[in-house]
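Before any comments, here is the structure.
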Amino acid sequence: MRVLLVEDSDDDALLIRESLSETTLEIDRAERLSTALAQLTRGKFDAVLLDLSLPDAWGLDTIRRLRREAAAVPIVVLTGLNDEEIAIRAVEVGAQDYLFKGQVDGHLLARSLRYAIQRHRAEETLKERNRELLILQKISETILGSLDLKSVLEKILEETIFTDSFDLGNIRLLDRSGEMLEVVAGRGYRHPEHVLGHRGLARTTESGQSKFGDRLFREPCVEEELQQCGGYRTLKKEGVESFIMVPVRANGEVVGTLQLASRTPRKFKPEEVNLLQTIGNQLGVAVQKAQLYEETSRQALELEKANKMQADFGAMIAHDLRSPLMNIMGVVEVMTEGMFGSVTEEQKKWLARIEANSQNLVDLVSDFLDVSKLESGYVDVNREMVNLTGLIQKSIDSYRVLALDKRISIKGAVDASLPAVHADPRRLDQVLSNLITNAIKFTEEGGTVEVGVALADATLIQVWVRDNGVGIAADEMAQLFEKYRQGGNVKHSSHKGTGLGLVICKMIVEAHGGRIWAESTEGSGATFFFSLPTNG
């Protein structure tokens, strides 16, 4: 262990040397601080044993100047200034220990120097680790902050060059073939055209032309004396003396390389190489994330196109099916009226059945078309200010005759003071019609259906359709709003639906920014609610 003794007193220096003579310490001496700084510049020392009373420096400023010029060397103060306050402040400004002359023997002094070196190394290791963590944190924030791959790569490259004191660098990524590494980002080049001057690196034949060959795709590659090597024309033009290249990995697979270079000779420590490998792995995460986003965006675009094609196809099929059905219904109607001759009662019964079945098919086609369009997002919701009180009363009036036919009472529970909502009146009428039809369908003779609306809170209006019919089984509630699902209550009705009505209601309500749900006890009726925002 080599120690620099900074002491101007010959007698004190002699005593210190004698006290340390039985140790393995190698002692060099400087009588002035300026001389000590020059010796620290020329040679490698493990520690400095420092007096605070020198011809060219005195007190705590001696420690500060030494720390400023030779921060990597631990300092142990050995002085005649027996002052506890100065001792505490000396440690605060950078000394590892503070000893008083005449109060320590050689073994204690040697031990203090060894401990000082160990503590200093531990502190430097901790500082370096904190610096590495800060670099990795900044890189993580960059990755999380953007999905633009080029921007992310350039920011990470710039951050790494700055924090690790490199002069320039570049990032290569595999092309679409997965065989050739091409430069996609560069920073610090004196001549920007040199960034694209780097030749591509291939996994196979061309990688053999490189000094490192296939190692580029497996492990870090270091060149500390570039100007003495063959090749590397672009880096030599940039005045590079040393460089390191590490793989960029994603899920264990190499997807690129990170190359960092210095224009002054540089030795790469193992811990520095490890940090750059970690950065390479983080770059791999950024590449993978951006590529996944690009692939997801591409798939979303393809899905959107497929949905539009499906909607267009559905509309075409619905039109082609609905037109002949409407023609059949028209012919049945005129035949029933006797336009083509007299019709017997038996014939009228069968014509009525044809008309009813044709209407059911029209309803089925219409529901399918609505679901297809709503799922594809190609149904416009034409909003306007709607008076819900009036809309609900109109719906009640429309179904009053149907309810009376089944001897069912239908009534309204409407708050006339409700504000208007910004919605599509045709679509809301479609929801109300579906819910009221279901309520009448599953309510037995003598039952009651109630349609109401009220202000739920300052931001929501709540509409409900309540009946005292057969209700819905608890195990069927979760499936009410799924396509082609029909509850067990259909056995109580002669009208079999498509299983799409509630799905359409849900889509329409959600398109308005609202929510729809149901509450029921089997055998005691059901209530369907939907909410709409007051501000639309």
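The values are calculated or read from the model by the stated rules, or taken from the named source; none is laboratory data. Being a predicted model, the structure only gives us computed values, none of them experimental. Virtual Cβ from ideal backbone geometry, glycine too; neighbours counted across all protein chains shown. What goes into the accessible areas is simple: the full protein's heavy atoms, side chains included, and nothing from ligands, DNA or RNA. Shrake-Rupley method; radii C 1.70, N 1.55, O 1.52, S 1.80 Å.
Here are some pairs, Lys483/Lys506; Lys44/Lys267; Lys411/Lys441; Lys127/Lys155; which of them have Cα atoms lying more than 20 Å apart in this structure? List each step's numbers first, then the result.
Values: Lys483/Lys506 11 Å; Lys44/Lys267 16 Å; Lys411/Lys441 16 Å; Lys127/Lys155 24 Å.
Violating the 20 Å Cα-Cα cut-off are Lys127/Lys155.
Quick check: with the 1.4 Å probe, what order do Thr163, Thr62 take by accessible area, largest first? Please list the in-between numbers first.
On the way: Thr163 35, Thr62 0 Å².
Greatest to least solvent exposure: Thr163, Thr62.
Largest to smallest in accessible area, the residues Met1, Met339 fall in the order Met339, Met1 (1.4 Å probe, all protein chains included). Annotation: Arg218 carries an accessible surface of approximately 130 Å², with a 1.4 Å probe and no ligand, DNA or RNA atoms counted.
Taking R0 as 25 Å, what's the FRET efficiency between Glu333 and Lys394 from their Cβ-Cβ distance, rounded to 0.05? Before the final figure, lay out the partial values.
Numbers: r = 26 Å, r/R0 = 1.06.
The calculated FRET efficiency here is 0.40.
Computing the accessible area with a 1.4 Å probe over protein heavy atoms, can you report the carbon and sulfur percentage for the chain? Whole-percent figure for carbon plus sulfur exposure: 51.
Is any residue of the range 5-20 close enough, with backbone N under 16 Å, to a label point placed 7 angstrom from the Cα of Leu81 along the Cα-Cβ axis, and if so, which? Once the point is set 7 Å along Cα→Cβ of Leu81, 6-9 turn out to lie under 16 Å by backbone N, inside the range 5-20. Return the FRET efficiency for the residue pair Val93, Val222: r is the Cβ-Cβ distance, R0 is 30 Å, and the value is rounded to the nearest 0.05. That pair, Val93 with Val222, gives E of 0.20.
As a rough guide to protection, the peptides 235-242, 11-18 ranked by mean Cβ packing within 10 Å, highest first, stand as 235-242, 11-18. Full extension of the chain segment joining Lys44 with Glu519 gains 162.7 nm, where the gain is 0.36 nm per residue of separation less the Cα-Cα distance. Using the 1.4 Å probe convention, the accessible area of the chain works out to 53 Å² per residue with neighbouring protein chains retained.
Short-range pairs are left out: with C-alpha atoms under 8 Å and at least six residues apart, the relative contact order of the range 163-317 is 20 percent. Each label was represented as a point 7 Å from its Cα along the Cα-to-Cβ direction; for Asn251 and Glu69 these points are 5.8 nm apart.
Classify the range 1-127 from the C-alpha gyration tensor, please: rounded if a/c falls under 1.5, else prolate or oblate depending on whether a/b exceeds b/c. Note, shape of the range 1-127 comes out rounded. Couplings for the range 104-118, taken from phi via the Karplus curve 6.51 cos²θ - 1.76 cosθ + 1.60 with θ = phi - 60°, read 10, 9, x, 5, 5, 5, 5, 5, 4, 5, 5, 5, 4, 5, 5 Hz in order; Gly and Pro are left as x.
So what's the back-of-envelope 222 nm ellipticity for the chain, counting only DSSP H runs of four-plus at -39500 (n - 2.57) apiece and dividing by all residues, rounded to 500? Helix-only estimate at 222 nm: -15500 deg cm²/dmol. Under a 5 Å amide H cut-off, with hydrogens placed 1.01 Å from N, Leu168 pairs with Ala261 among residues at least 5 apart or on other chains. For the pair Asp105 and Ser21, label points projected 7 Å from Cα toward Cβ lie 1.6 nm apart. Residue-wise HN-Hα couplings along the range 243-250, as the Karplus relation 6.51 cos²θ - 1.76 cosθ + 1.60 with θ = phi - 60° gives them from phi, are 8, 9, 10, 10, x, 9, 10, 9 Hz; Gly and Pro carry x. Accessible surface of Ser140, taken over heavy atoms with a 1.4 Å probe and every protein chain present, rounds to 40 Å².
Relative contact order for the range 14-78: 34 percent, from Cα pairs under 8 Å spaced at least 6 residues apart, divided by residue count.
For Gly447, nonlocal amide neighbours, meaning residues 5 or more places apart or on other chains whose placed amide H falls under 5 Å from its own, are Ser409. Karplus-derived 3J(HN,Hα) values for the range 222-237, using 6.51 cos²θ - 1.76 cosθ + 1.60 with θ = phi - 60°, are 10, 10, 9, 9, 4, 5, 8, 9, x, x, 6, 4, 5, 5, 5, 4 Hz; glycine and proline are entered as x. Annotation: amide H of Asp8 has no partner in the under-5 Å range at sequence separation 5 or more or interchain, hydrogens built in the peptide plane.
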